[in-house]
Every structure is written in structure tokens, then in C-alpha cells.
Amino acid sequence: MIGLTLRYDPEADAAYIYVVPPGPSRSVARTSVANIRMDMAGITVDFNEEGVIAGLEILGASKVLPRDVLTDPGEWPSRRPASGGVY
């Protein structure tokens, strides 16, 4: 199972989900806009040089992600949803 890391910036209301761990070896070759809605979240997908997803950026994160995910970001899948739901 892939371990994911989430970072949240409340001032920008932006979350970034790292599929490839953050660090100097993480290289993004291209970015693609997956969804833009002014009243919801904008999502961009970063790909590495091999075409594998490196990470996802979610703008307007508080509108689409559970509050406990944003207030206690960190590594997944070690986290479990408080409500018994699925992340």
C-alpha cells in the first residue's frame, strides 16, 4: 500500500497530497488541471518524468476534505477517519 502525506496551508486553503514523499528527489515533470469550479475546489495533478502521479494539489480544500484531515494532517494510511468513513 502506498503511504501518502498531506500538508495543509489554512491561509491559502490549499492541501497537497504527496504520493511521492516530499524531498529533493521528488521531481515534477508536468502538471495537469483535473477540475476547476470557482464555487468548489480546484485540483491539479503533478506527474513525474515517468508519467506517475507525484502529488495532488487541492485549492479550496476546506470545501471538499473532512475537517479532521485538515486539522491533523500527516501520513496515510496510518490515519483512520474519525467517523468510520473512507479517505
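At a glance:
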quantity	calculated
Burial ranking of peptide ranges 48-54, 4-10 (average Cβ count within 10 Å, highest at the top)	4-10, 48-54
Estimated distance in nm for a label pair at Asp9 and Val33, the labels positioned 7 Å out from Cα along Cα-to-Cβ	1.8
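Any read-out appearing in this document is the output of simple, stated calculations on the displayed coordinates, not a laboratory observation. The shown structure was predicted, so the numbers you read here are calculated from the model rather than taken from an experiment. Positions of Cβ are generated from backbone atoms using ideal geometry, with glycine treated the same way; all protein chains shown enter the neighbour counts.
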